[in-house]
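The values are calculated or read from the model by the stated rules, or taken from the named source; none is laboratory data. Bear in mind the structure is a predicted one, so any value in this text is a computation, not a measurement. Here the Cβ positions follow ideal geometry from the backbone for every residue, glycine too, while neighbour counts run over all protein chains shown.
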Amino acid sequence: MTESFQKAAEEAKVLLQKPDKDELSALYGLYKQATVGDVNIDRPGILDFTGRGKWDAWNARKGLSQDEAMVSYIELVEKLKIKYGI
């Protein structure tokens with residue numbers, strides 16, 4: 001599982017086109033959940049729009065096991081490879 005996850009993480013970096021904002025948020029949230037687990041830091045301040053967006057994407061995956069997050073991440077990367085090419 002971990003090997004497939006690492007491969008998917010590398011493939012996500014070399015897509016021919018950049019995924020849209022929602023897709024990037026989903027990738028980030030699933031990656032953090034898979035590698036760290038449930039969010040373990042405070043939500044960034046109101047003026048940190050990027051930080052808050054990333055925190056929200058990660059927090060949306062709260063409760064998902066790290067293995068489930070890895071599987072979801074791999075599946076999402078596979079869909080993005082079809083959509084954007086690699």
* To do: List every residue pair whose Cβ atoms lie under 9 Å apart, where the two residues are 6 or more positions apart in sequence or sit on different chains, the first residue falls within segment 53-73 and is closer than 12 Å to residue 28 by Cα, and the second residue, located anywhere, is modelled with pLDDT under 95 and surrounded by fewer than 17 Cβ atoms within 10 Å (Cβ to Cβ).
  => 70/1; 70/2
* Taking the residues in segment 2-18 that are polar (S, T, N, Q), in contact (Cβ under 8 Å) with a residue 40 or more places away in the chain and part of a helix (DSSP H, G or I) as candidates, determine which candidate is surrounded by the most Cβ atoms within 10 Å (Cβ to Cβ). => 4
* Subset of segment 17-54 (residues that are among the polar types (S, T, N, Q) and either under 8 Å from the mean Cα position of the chain (by Cα) or within 24 Å of residue 6 (Cα to Cα) (or both)) -> 17, 25, 33, 35, 40
* For residue 83, are the conditions met, namely being over 13 Å from the mean Cα position of the chain (by Cα) and basic (Lys, Arg)? -> yes
* If you take the residues of segment 1-46 that are among the polar types (S, T, N, Q) and at pLDDT 95 or above, which of them is farthest from residue 76 (Cα to Cα)? -> 40
* To do: Please work out which residue is surrounded by the fewest Cβ atoms within 10 Å (Cβ to Cβ), limiting yourself to segment 47-86 and to residues that are part of a loop (DSSP other than H, G, I, E, B), at pLDDT 95 or above and hydrophobic (A, V, I, L, M, F, W, C).
  => 47
* Give the residues of segment 19-32 that are outside any helix (DSSP H, G or I) and either out of contact with any helix residue (DSSP H, G or I) (no Cβ under 7 Å at 6 or more places or on another chain) or crowded, with 19+ Cβ neighbours inside 10 Å (or both), sorted by residue number. => 20
